[in-house]
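Undergrad: This structure is in structure tokens; I'll ask about it shortly.
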Amino acid sequence: MKISEFQKLIDELYGKRDKKRGLDRTALWLMEEVGELAEAVRKRDKELAEEEVADVIAWTVSVANLMGIDVEKAVKKKYPGKCPRCNSIPCMCPKEPDSNLDFDHDPD
Ligand SMILES: [Zn+2]
């Protein structure tokens, strides 16, 4: 299945319900699904992670539908067959992009 076909399917299945729920609450559902995926990863539960990966992608597409974003176009634009930063395959960027995630961070 192509990304565009999946996006169309999600719209056919849930488009009406997504519109009624609205963008903010749909985005919140996506966050909840991301949390469930994180939990499945933490537990190393592959079977559950498989389900959650599918849910995260489906809810991401619902958010895109509500914002009028063509997912396939967006993905191809951002990732045109090579790393968008170093233009290499595989990525040759010297390090991961800066992140606010710091697992050793001490709040005090
Ligand atoms: Zn790169």
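Undergrad: Measuring from label point to label point, each 7 Å out along Cα→Cβ, what is the Leu28 to Lys16 span in nm?
TA: The modelled label-to-label distance comes out at 2.4 nm.
Undergrad: Let me ask something else about it. Take each of the peptides 7-16, 35-44, 61-70, average the number of other beta-carbon atoms within 10 Å over its residues, and list them starting from the highest. Display every interim value, and only then the final one.
TA: Working: 7-16: 14.7, 35-44: 13.2, 61-70: 16.3.
Descending mean neighbour count gives 61-70, 7-16, 35-44.
Undergrad: For n ≥ 4 DSSP H runs only, could you compute -39500 (n - 2.57) per run for the chain, divide by its residues and tell me the 222 nm figure to the nearest 500?
TA: Numbers: 4 runs with 69 residues, N = 108.
Computed mean residue ellipticity for the chain: -21500 deg cm²/dmol.
Undergrad: If packing is taken as the average count of other Cβ atoms within 10 Å, what order do 20-31, 48-59, 71-82 fall into, highest mean first? Each step should come with its number before you reach the end.
TA: Values: 20-31: 13.6, 48-59: 16.4, 71-82: 11.3.
Most protected by this proxy first, the peptides run 48-59, 20-31, 71-82.
Laboratory data are not the source of any read-out in this text; all were calculated from the coordinates shown. No experiment lies behind these values; they were computed from the predicted model shown. Heads up, the Cβs are rebuilt from the backbone with ideal geometry, glycines too, and the neighbour counts pull from every protein chain shown.
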